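Here is the structure we will look at.
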Amino acid sequence: MLNQKIILGYLLMSLLLFSGSCGKKKKPGFMRQAKAARVDLRDVSTNAGILQPKIKVDLKSEVSGIVKKIFIREGDTLHRESPILEIDPTLLLNEKEKLQLRVRRSELEYKMSLRNLENIEKLESKGATSRRELLDLRDQTELKKNSFEETKLGLENILVQLQKTILKAPMSGVLISLEVEEGEIVVSATQGSSGGTMIGTLADLSQMEVICQIGELDYASVYPGQKVTIILESQADKAISGAVSFVASSAKEAKNSVIRMFEVRIDVDSLTAKIVPGMNVTVNFLMLERNNVLGIPFDLVYHEDVDGKRKYYVFTKNQNKTPQKRYVEIGATDFKFLEIMSGLSEGEIVVPNPKQDSEKTGKDVRKYH
């Protein structure tokens, strides 16, 4: 019983002490300060992108009709001129037979007209027929000749279309998509306003690129030839290298946003078996890399406009340990540290602005510098 009272007494005392400490206000701590020191500046901009083949061809037929036979499957590797599919040639074969008959008929009519013209020329030379009759027959013969030639051209066109009923690969590559099936009707790419039926896409997977969008703030720091690091979402522990090949010269508004973005294309330097079109990737652009420069924390630098010029300053400790304003010249920043070109020496202590609430901090430097 005695032990229980002692324990109860300790618990009550602890509770009183705890409640008393909670009611006390803590004394204000010291303001954060930093020492001007040598730092390494590194700024990386991270953007999302999509892998795409650099060279790809949308496959469309030059002949309309029903897909009779498909010779390949999606994912197959094709060589140039490899057959992809066949359009049913029945209608074209029927048209071919009709035109062959028309060609034969036109040829016979032209030959008959030539023979009649020869006879009329002999009669006209003997004065047995009029000059007008001869001229009319010459015109008729010329018309028969033109009709014969026109019909032959129509037959040649049908023969060309028959050859195109077999769609062949325009280049070597991998069939990354196949959009039609046997029995479907396809429309020629030369007919209608739709541009024809999309049959599939053939791509050269030996040359890949990443397409991504960058914002206005990063635009000035991205340039053709710039090296980047590409990280696959499926292999986050591995990175591949690339180089910027194209930077758009005009911005476009992002979907459902007022932010304007610039398209950037990046050539992929090294390929692996697991890199395929359509994969999501992360692209790291190295915007800044400066080593062993004199710097201080980014948010301990302030600015003001003096006579229309932007000036930057910090607060240092004087001998009385009170903040003293001092102007500095700044250089590059990775938005963690800011390079100090002049105005501070290595080892000097800088402190926050005692009126920080009413003055702009270094967080605005990105906007103005």
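For segment 65-82, enumerate the residues that are farther than 18 Å from residue 176 by Cβ and either crowded, with 19+ Cβ neighbours inside 10 Å or of a type in the set (A, V, I, L, M, F, W, C) (or both).
65, 66, 67
The residue of segment 162-183 that is surrounded by the most Cβ atoms within 10 Å (Cβ to Cβ), among those that are over 16 Å from residue 89 (Cβ atoms) and among the acidic types (Asp, Glu), is 179.
Is it the case that some residue within segment 117-125 is touching a helix residue (DSSP H, G or I) at 6+ places or on another chain (Cβ under 7 Å), acidic (Asp, Glu), free of Cβ contacts under 8 Å to residues at least 12 places away in the same chain and not assigned by TED's automatic domain parsing to the domain that holds residue 172? Checked segment 117-125: at least one residue is touching a helix residue (DSSP H, G or I) at 6+ places or on another chain (Cβ under 7 Å), acidic (Asp, Glu), free of Cβ contacts under 8 Å to residues at least 12 places away in the same chain and not assigned by TED's automatic domain parsing to the domain that holds residue 172. Of the residues 266, 214, 296, 275, the single one that is assigned to a loop (DSSP other than H, G, I, E, B), out of contact with any helix residue (DSSP H, G or I) (no Cβ under 7 Å at 6 or more places or on another chain) and buried (at least 18 other Cβ atoms within 10 Å of the Cβ) is 275. So is residue 102 among the charged types (D, E, K, R), under 30 Å from residue 191 (Cα atoms), touching a residue at least 12 places away in the same chain (Cβ under 8 Å) and part of a loop (DSSP other than H, G, I, E, B) or not? Spelling it out, it is not the case that residue 102 is among the charged types (D, E, K, R), under 30 Å from residue 191 (Cα atoms), touching a residue at least 12 places away in the same chain (Cβ under 8 Å) and part of a loop (DSSP other than H, G, I, E, B).
The values are calculated or read from the model by the stated rules, or taken from the named source; none is laboratory data. It should be emphasised that the depicted structure is a prediction, and the values quoted were computed from it without experimental measurement. Virtual Cβ from ideal backbone geometry, glycine too; neighbours counted across all protein chains shown.
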